[in-house]
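The block underneath contains the structure these notes are about, expressed in structure tokens.
The values are calculated or read from the model by the stated rules, or taken from the named source; none is laboratory data. Quantities reported herein were computed from a predicted structural model and do not represent experimental measurements. Counting neighbours? That spans all protein chains shown, and the Cβs are built from the backbone with ideal geometry, glycine included. Each accessible area value is taken on the protein alone, full model and side chains, heavy atoms only, with ligands, DNA and RNA left out. Shrake-Rupley method; radii C 1.70, N 1.55, O 1.52, S 1.80 Å.
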Amino acid sequence: MAYMHIGKDFVPPDVTGKVTGRIKYAEDYTREGMVYARLLTSPIPHARVLEIDAAEALAMDGVYGILTADEVYPDGEPQSTGLKILTNHPTLVGEPILALAAVDEKTAETAIAAINVTFERLPFVLDPLDSLREGGPNAFVDGNTFGRQGFTEAKWSSDQVASFRAGNAPAEDAPTTGPIPTFAYGDLEAGFAAAADGFVYEGSFTTAGYPHHSMEPRSAMAYWEDGKLYLHGTSQSLTALANDMAGIIGVAKEDLVFINAATGGGFGQRARAGSIPSMAIPAKMSQKLNRPVMMRITREEEFTIGGARQGFQGWIKVGFRPDGVMSACDIFVVSDNGGKGGGADAFSAADCISILYQTEAVRFRGASVATNTAHRGAQRGPGQNQIAPIISPIMDAAADALGMSRLDIRVVNSAQTGDVGGPQRQPLTSAYMPEALQQAANDFDWEGRQSRRRQRNGSKVTGLGIGQGYHNAGRSGMDGIVMMGADGRLKIHNGVGNLGTYSYASTSRAAAEALKMPWESCDIITGRTDYHLPITSPQDGSNSIFTNTRTCYGAAMDMLAKMKEIAAQGLGGEPADYDISDERVHRIADGGIGMSYAEVAQRAMELGGKFTGEAELPEELAEWTQIAASRLAGTGFMGIYHDPAHSNNPPGFTVTCTEIELDLETGKYEILDMVSIGECGTVMHPQGLKNQLVGGAVWGIGLSALERHLYDPQNGLPASTGYWQSKVPTYLDTPARIETGWVDLPDPENPVGARGIGEPTQGSVSAALTAAISDALDGHIFGAAPITTDMIINHVAGTQEDAVALAQNNFRG
Amino acid sequence: MQPVNPQLTRRRFIKGVIASGAVAGTTSLWYAANGQSRPAGAVERMIRLNVNGQDRTVDVAPQETLASTLRYKLGLTGTKLGCNRGECGACTVLVDDVPTYGCSVLTHSMKDGRIETVEGLEAPDGTLHPVQQGFVDALGPQCGYCTPGQVMAAVGLLRANPNPTRQEARMGMAGNICRCGSYDSYLDGVMRAAEIG
């Protein structure tokens, strides 16, 4: 289909502000009379606060006051494992106990040093398996897991834990626990029986938990004015986060003005208010002191309250029939849930296997166990991306054993339109994985490079890898608003966060497309909630493109229908007799009879009622959108839409091919070439898609090679407090060029055919890299991510270190 | 491979940091470095800095870093603080054309230097600097937080080597982290800037 905007590059309106430094992040704001808050955080991994003596601090010059957990939770702290604003029951080092505000940060720090907090030390644990063992310590006073039943204690026998740690299959009756502890479909026994003449792999695996490392620390500034709270914060999801943040702070939604023009990186941890409650501290401190309060967060503090990915210690058994079909997968994952709860990463890992490889029978079991380490939450492909680098070398081993090409075994098991996946056997909205595989293979010359596999050049050996990534990539049930004034310009109210994907802009283009509006005649209204923005889904899980093109398009179509109605009223005929072009509504039969958009908008404002949002609003609008719409009502011509829920699963897929040269003497490898192909429906914004593909690739390199988070096992202290101790990939860790491409076939359940893509590339790149490493090492399967240089050297040297199952705990060096 | 411009190496930066004694590597030093209050007995001084071609007189504490002075005294918030400990490069500015981590040099040591920040690149008529335009054309930024530092590193690189190869550009930009992983697009932007510069 020939589109006016979709599939075309444009300059997002905030780019100039980014290259000139003019765009403002939370810490860039200042306010007259502003004071500075600092945090007193827990120095020990698990404790109870018995007494706080702040008398000396409060008597110091320049100190304005403190804020404690008792003040922010007068009815007691919430009975959950989630992050609190402040707490008297810290379960990790660095958890905020109290905040102090002073004339400047140095004074605040000096005063905090004078506060005497009496702690009762409590047992702590860093390794989920240590906590699972009967008699082992628990991360919480009331247990080591938290679910619908509240706190519970999950324990295995010492023998069960020892056997699992040694890499053996968990017992059939091994207790499971967690948000989604188990699922199964298909006939697992029959699946493995069918694989008896094919290939069966069984082994343990580990993946690391590691920090999000957004470049912008989660600083925030707040002040109150005329009963309203103005909060300058950081967020991936503008209205979705503000909607929930109001509840955390305890302010009415209509009285919160959340200001967030730009966010310095999200990656999952800034999508929802519950994962960033620290922003409530300056808000509440400001309320208490009646002064603007800035709270800057340091890089070191980002490690403790900034969240981390869950780490896995797992066991997997995978069966392939002689024709290469993955007939059965049995997987058990012990997830490190950290000190403040976490997510369902392990479930998502198993779900990913089911969808990505169309596995005929899957059994997933898991135990999600708390530890006194950084809090866990969604991080780019939570679960899907941890498992991708584990599975890919297994696929290759199966291909080699069955005499298939490594490309073919993936084609045999790939998802296509009409397929289903996951425990609910949910249909995919569309899927073109075979096309993506073939495009990647062609662009990379996969077949032509096969002769280079395992070629030696001195101490260096060449490895080829191919990997796949998946994440569900779309939601529904959200709202859209567009407005037009007498100037005829289209104002697209967009509540999507601005975290660098430019999806706030690219989804807005669906509205411009629907109204055939020149982009120069459009304004995106975003950046602060008093611009009256509709509710959106949290901007995580690759969903924004699918979700918010539906809402923007829907709102524009509502405006279009109203335009035709107004034209018919004024010019005669029926609405169906009219079409649009060149910013005019005109008769289909006679283009000379019509009204300009500006004239239509003027007429709409004269008519009022439904045309200006003063009547007949969709009943299903979220409360947040109702507030926004009520404030916009009567101010212009309004198009408004509630997107009904859809039922199928819109997938985002990627395929990556890579060639590496691995030095057997140093364990280091260089990525010589990399090609990543996206399969995400119709492409909205090629440059934006390219950025997601290359950005995800860099994350994949970190996942498979570099990133981890270390703790001192004796005292539970984080050993990673800076970038240099928890390395993210740099220019020199990544290829000088990453080639990208896309399939660009439309999805039928999106009005412009689009699906999301943010997460999967990390999975496909990490999968391709672990496959390439395995290839270079004659098919050796490490069963781990990251695969560090030490592990490679040890393997080459013939030591058994890398093969000691589960010895590399997620959080040990 | 040797870096394109030996002035740009991380080693040179680290040596400079050691010489200045200004690494704000701990929390307490971080606040001291922000120059918000004077230590007992210390004498604050009004000093003159040349920033973006203008002489600016500013009250600078002895332990204050250049990034803090720029952000909190002169209002030049384009210079970002990502780590405040010389690891990420978000605070990169040019001092006498050399990319320098603003968080890791004392402002007092800059009195004789010619300081350039991201705010000083745009022409008075609003025309973007070639590096800025190159980054726009290539959609280099994602979240944008590291972008001012990336821009200044690229400007420094291109002054030293106006026509770098992609590999040379990669080496020259290596002191700046981008957590969004936009390195490929930033390199596209640097190469584009070299074309239009």
For the range A:651-686, which residues satisfy the criterion of being in a loop (DSSP other than H, G, I, E, B) and either charged (D, E, K, R) or on the phi > 0 side of the Ramachandran plot (or both)? A:Glu665, A:Gly667, A:Lys668
Spot the failing condition for A:Val161; the list is (1) free of Cβ contacts under 8 Å to residues at least 40 places away in the same chain; (2) over 15 Å from A:Val369 (Cβ atoms); (3) among the hydrophobic types (A, V, I, L, M, F, W, C), and only one is missed. (2)
Any pair with Cβ under 9 angstrom, 6 or more apart, that starts in the range A:133-149 at a residue that is at positive phi and ends at one that is open to solvent by 20 Å² or more (accessible area, probe 1.4 Å) and acidic (Asp, Glu): A:Gly143/A:Glu153
Which one is nearest to the other protein chains (Cβ to nearest Cβ), of the residues in the range A:721-738 that are among the small types (Gly, Ala, Ser) and within 13 Å of A:His212 (Cα to Cα)? A:Gly722
Residue pairs within 8 Å by beta carbon, gap of at least six or interchain, first lying in the range A:70-83 and within 29 Å of A:Ala378 (Cβ to Cβ), second open to solvent by 40 Å² or more (accessible area, probe 1.4 Å) and in a loop (DSSP other than H, G, I, E, B), listed first then second, are A:Glu77/A:His89
Looking at A:Ile701, A:Ile677, A:Ile640, which is the one that is under 29 Å from A:Ser506 (Cβ atoms) and within 14 Å of chain B (Cβ to nearest Cβ)? A:Ile701
Considering only the range A:706-720, how many residues are in contact (Cβ under 8 Å) with a residue 60 or more places away in the chain, part of a loop (DSSP other than H, G, I, E, B), more than 14 Å from chain B (Cβ to nearest Cβ) and not polar (S, T, N, Q)? 7
Here are some conditions: (1) of a type outside the set (Lys, Arg); (2) modelled with pLDDT under 95; (3) open to solvent by 10 Å² or more (accessible area, probe 1.4 Å). A:Val728 meets all but one. Which one does it not meet? (3)
Hey, B:Thr127 within 14 Å of another protein chain (Cβ to nearest Cβ) and open to solvent by 20 Å² or more (accessible area, probe 1.4 Å) or not: yes
Count of the range A:497-535 residues which are more than 14 Å from chain B (Cβ to nearest Cβ) and of a type in the set (Gly, Ala, Ser): 6
So how many residues does the range B:132-152 have that are among the small types (Gly, Ala, Ser) and closer than 9 Å to A:Lys18 by Cα? 1
So, in the range A:619-640, exactly how many residues are open to solvent by 10 Å² or more (accessible area, probe 1.4 Å), in contact (Cβ under 8 Å) with a residue 24 or more places away in the chain and more than 30 Å from the chain's Cα centre (by Cα)? 4
Note on A:Ala111: of the conditions (1) closer than 27 Å to A:Ala222 by Cβ; (2) open to solvent by less than 40 Å² (accessible area, probe 1.4 Å); (3) within 29 Å of the chain's Cα centre (by Cα); (4) not charged (D, E, K, R), unmet is (3)
I'd like the full set of residues that are in contact with a strand residue (DSSP E or B) (Cβ under 7 Å, 6 or more places away or on another chain), under 30 Å from A:Trp699 (Cβ atoms) and among the charged types (D, E, K, R), limited to the range A:196-237. A:Glu202
For the range A:641-658, which positions are open to solvent by 10 Å² or more (accessible area, probe 1.4 Å) and not small (Gly, Ala, Ser)? A:Tyr641, A:His642, A:Pro644, A:His646, A:Asn648, A:Asn649
Does the range B:145-160 contain at least one residue that is in contact (Cβ under 8 Å) with a residue 60 or more places away in the chain, open to solvent by 10 Å² or more (accessible area, probe 1.4 Å) and over 21 Å from A:Ile701 (Cβ atoms)? yes
Do we find a residue being under 25 Å from A:Val461 (Cα atoms) and either at pLDDT 95 or above or not β-branched (Val, Ile, Thr) (or both) anywhere in the range A:746-763? yes
Residue, least open to solvent (accessible area, probe 1.4 Å), within the range A:357-384, restricted to residues that are more than 21 Å from the chain's Cα centre (by Cα) and of a type in the set (Lys, Arg): A:Arg365
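Conditions (1) within 30 Å of B:Gly189 (Cβ to Cβ); (2) of a type in the set (Asp, Glu); (3) in contact with a helix residue (DSSP H, G or I) (Cβ under 9 Å, 6 or more places away or on another chain); (4) crowded, with 24+ Cβ neighbours inside 10 Å, marked per residue:
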| residue | (1), (2), (3), (4) |
| --- | --- |
| A:Gly700 | yes, no, yes, yes |
| A:Trp724 | yes, no, no, no |
| A:Glu749 | no, yes, yes, no |
| A:Ile757 | yes, no, yes, yes |
Being of a type in the set (A, V, I, L, M), in contact with a helix residue (DSSP H, G or I) (Cβ under 9 Å, 6 or more places away or on another chain) and under 17 Å from A:Met4 (Cβ atoms) is true for just one of A:Ile524, A:Ile545, A:Ile588, A:Ile566. Which residue is that? A:Ile524
